[in-house]
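The values are calculated or read from the model by the stated rules, or taken from the named source; none is laboratory data. These numbers come from a predicted model, not from an experiment. No Cβ is skipped: glycine too gets one built from the backbone with ideal geometry, and neighbour counts run over all protein chains shown. SASA here: full protein model, heavy atoms, side chains in, ligands and nucleic acids out. Shrake-Rupley method; radii C 1.70, N 1.55, O 1.52, S 1.80 Å.
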Amino acid sequence: MEYILKSQTVYTVVMVTTVRELMRKEVFTIEESESIQNSAMKMNDKKVSSLLIVDSYGKPTGLVTERDLVRKVCIKDVRTSQVKNKEIMSRPLITIDSKSSPSVAADLMLKHNVRHLLVVDDDSKDANKLIGMITPLDFTKYEEYVRNDEEKESIEMILEYYI
């Protein structure tokens with residue numbers, strides 16, 4: 001009896017995940033002239049950890065996070081109704097292209113020591129149009145699918161550092 005062994009070709013399917021697939025699409029805003037007390041109430045109501053600060057024309061100017069509230073307000077024991085978002089907001093805004101990989105986002109967060117990146121779409125007619133936000137928490141849904149050791153290392157580092 002003769003056996004013929006057929007050679008099998010193994011195809012590896014690599015799923016490329018981008019920041020667009022992980023980001024939060026809903027970004028809540030508040031005007032820079034509003035009090036930080038109003039910001040804290042809005043964060044609580046919307047169950048988010050940050051708000052995009054906009055000027056009176058709706059143009060993004062900064063970001064206020066829970067961390068900003070604690071480090072720049074609570075420890076100084078100031079009246080929250082008297083302090084405006086413009087006074088404590090973090091800036092400049094750090095952005096990332098929606099087609100970037102999660103590991104690039106993690107590296108950017110570590111480089112700039114931030115937890116929030118605004119996601120922009122360079123392909124839109126409105127150049128650098130804001131389409132979402134990504135935070136370390138968003139990486140948790142991605143980490144289990146990472147196969148590349150270098151990418152996995154970046155993601156684990158950002159998660160370990162911030163969560």
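Residue count for the stretch 69-82, restricted to those that are touching a helix residue (DSSP H, G or I) at 6+ places or on another chain (Cβ under 8 Å) and without any contact (Cβ under 8 Å) to a residue 24 or more places away in the chain: 1. If you go through the stretch 16-44 and keep only what is of a type in the set (A, V, I, L, M), part of a loop (DSSP other than H, G, I, E, B) and open to solvent by less than 30 Å² (accessible area, probe 1.4 Å), you end up with just Met23. When the criteria are applied in full, Val48 fails the requirement of being open to solvent by less than 90 Å² (accessible area, probe 1.4 Å), more than 16 Å from the chain's Cα centre (by Cα) and under 24 Å from Arg20 (Cβ atoms).
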